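Contents: one structure, followed by commentary.
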Amino acid sequence: MGFEFEKLEENKKPLHVANQILEAMRCGDYEKGDKLPTEEELAEKTGVSRASVREALSALRLGGIINTKVGKGTFVKRLPLTDSLGDQILDILVDNPKPLELQEARAAFEAGVVEVAARKCSEEDEKSMDETLDDMKSAAKKDDYRSFLNLHKRFHLQVAKATRNKVIEDTIKNLQGIMNDRMWQNLEEMHYLPDKRNYLLESYNIHYKLFEALVDRDPSLARERIKDHFERYS
């Protein structure tokens, strides 16, 4: 490969890692579908911590540039063919880290939420979630990503309600309130629009598997499913 990764000795920012990954793609070292180096390898190549690498990869995932397949690695999903696309992603790291912090908070919190929901979920909860999932599937098939995103939020709120815990429900509502800001909506549009149908259907399938774990009253499996959700889409 022709691209040479540089080590950053003084300022170990995730921006440094993300910028070099984008540049490697622009140089042709990584094409669509190619597997990226592991977190450990990227940390060694760029001279930053694995935590910084993870934050950089999170920004690239939010931008729809890469996707992670559990147990297989991280792959190029879309090439940054325009400078504006790369700049938008880098801006996430420079000007507005909130989306990354939000995903981290959601992943940590909702892992516990689904465990409680799996123990307390009622038949009425199951019916409500099942109806929402049907609507999500329909929206995905119609490429209606805005409706899908609203239904996605409704599903997660229904899971929170199934815990019978008002603090949990209110916390999820607060997190979803942050997701309504313009920055987050811009990221969603950038992430979902390039390949709406396949992406939305895949997301629907992940949520349906989580639903099945809740119906089976299996807290451990539910936790695995929500972890899979955030590893793929955050």
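Just a few scattered comments:
- Ala51 versus Glu131: modelled label distance in nm, points set 7 Å from Cα along the beta carbon direction: 4.5 nm
- By the beta-carbon count within 10 Å of each Cβ, the least crowded to most crowded order of Val215, Val113, Val53, fewest first, is Val215, Val113, Val53.
- Sites Lys72 and Asn150 - FRET efficiency at Förster radius 41 Å, r taken between beta-carbons, to 0.05: 0.85
- Of the trypsin sites (Lys or Arg not before Pro) in segment 114-155, those whose Cβ has at most 13 other Cβ within 10 Å and which sit in DSSP loop: Lys142
- Simple spin-label estimate for Lys120 and Phe3 in nanometres, 7 Å along Cα-Cβ: 4.7 nm
- Likely footprinting exposure, Ile21, Ile168, fewest C-beta neighbours within 10 Å first: Ile168, Ile21
- Computed extension length for Asp34-Ala108: 23.7 nm, one decimal, from 0.36 nm per residue of separation with the Cα-Cα distance subtracted.
Where a number appears in this text, it was derived from the coordinates with a stated rule and is not lab data. What you see is a predicted model, and the numbers here were worked out from it, not measured in a lab. So basically every Cβ, Gly included, is an ideal-geometry build from the backbone, and we count neighbours across all protein chains shown.
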